[in-house]
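Contents: one structure, followed by commentary.
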Amino acid sequence: MPQPAVDDSASVQPFRTEPVSFVRRGGRMTDGQERGWSELAPFYVIPVERDAAVTSVRPGTEIVPEQIYGRSAPLIVEIGSGQGHAIVHAAGERPDADFLAVEVFVAGLARTMLDAERAGVSNLRLVEANAPEVLEHLLPEASVDELWIFFPDPWHKSKHTKRRLVAPPFPALAARVLRDGGILRLATDWEDYARQMRHVLGEADDFEPMFDGDWGERFEGRIMTAFERKGLAKGRDIRDLAYRRSPRG
Ligand SMILES: C[S@@+](CC[C@H](N)C(=O)[O-])C[C@H]1O[C@@H](n2cnc3c(N)ncnc32)[C@H](O)[C@@H]1O
């Protein structure tokens, strides 16, 4: 069953030492989403053993993707999948690959499962957990072909920028799970965050940019989501970045 919506941040719960990049939204699930959760979660949601916090991942609880998906196939992971529009669409377009949505927003996960079922998508699974812990503890080393983060929360006030997901600790976590030659794809409508992403990844020895010039091309596998539409409506430019994981030494 979904956990009750609570603020899972370090500011109100003492058992995380680092700030997290989300405040769990209190949005209640609709009746349809509740029903979707109870009927569809046994197939779509990967059970996670918790540490102290409700969205944590207990160290030493790594999954075996081949057992979960019942086959060996390229694995594409989206962090912060929101309502699931991008990943459900992508999973439908790429039946040859397996997809994992990582999100803490339970109503979004419920919506993702309902849409996946409606679209007949079975190469998708969901994890309700804090993404850095998923990268550190749940996914095996070198198990992921692509890691996507589209429109992460920008935390634009300067007192909050320490909550941003793509910050100095992030490249090592991404590099751990990506295979040699695997791809990290990022998109944001927030210029200052785009610059931070480019700076942080530019400093990381394990990643090579896949673009010339200032920014990458729009990733053609990324469909328009509400967050992108909102950014465009406010006159903001959308910036894509892509990096290749260097071969392990
Ligand atoms: C601004 S929304 C974008 C959603 C989606 N990518 C899109 O483009 O529509 C960011 C999402 O990331 C999720 N999120 C933020 N930090 C997270 C974390 N550490 N682990 C998992 N999900 C996270 C939030 O709950 C939110 O749904």
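Remarks
- When segment 110-166 is limited to residues that are of a type in the set (Asp, Glu) and more than 18 Å from residue 24 (Cα to Cα), the one that is farthest from the chain's Cα centre (by Cα) turns out to be 117.
- Residue in segment 35-43 that is in contact with a Leu (Cβ under 9 Å, 6 or more places away or on another chain), under 26 Å from residue 185 (Cα atoms) and either among the hydrophobic types (A, V, I, L, M, F, W, C) or at pLDDT 95 or above (or both) present: no
- Contact annotation: residue pairs with Cβ atoms under 8 Å, 6 or more positions apart or on different chains, pairing a residue in segment 35-49 that is closer than 14 Å to residue 116 by Cβ with a partner that is hydroxyl-bearing (Ser, Thr, Tyr) and in a helix (DSSP H, G or I), are 44/112.
- Segment 221-237 - residue that is in a helix (DSSP H, G or I) and within 13 Å of residue 86 (Cβ to Cβ) and, of those, nearest to the ligand (Cβ to nearest atom): 227
- Residues in segment 63-90 that are assigned to a loop (DSSP other than H, G, I, E, B) and among the charged types (D, E, K, R): 71 alone.
- Enumeration of residues in segment 178-191 that are more than 19 Å from residue 221 (Cβ to Cβ) and in contact with a Ser or Thr (Cβ under 8 Å, 6 or more places away or on another chain): 180
- Residue that is nearest to residue 170 (Cα to Cα), among those in segment 196-241 that are exposed (fewer than 14 other Cβ atoms within 10 Å of the Cβ) and of a type in the set (Lys, Arg): 218
The values are calculated or read from the model by the stated rules, or taken from the named source; none is laboratory data. These figures come from a predicted structure and were not determined experimentally. Quick reminder, even Gly has a Cβ in these numbers, built from the backbone with ideal geometry, and neighbours come from all protein chains shown.
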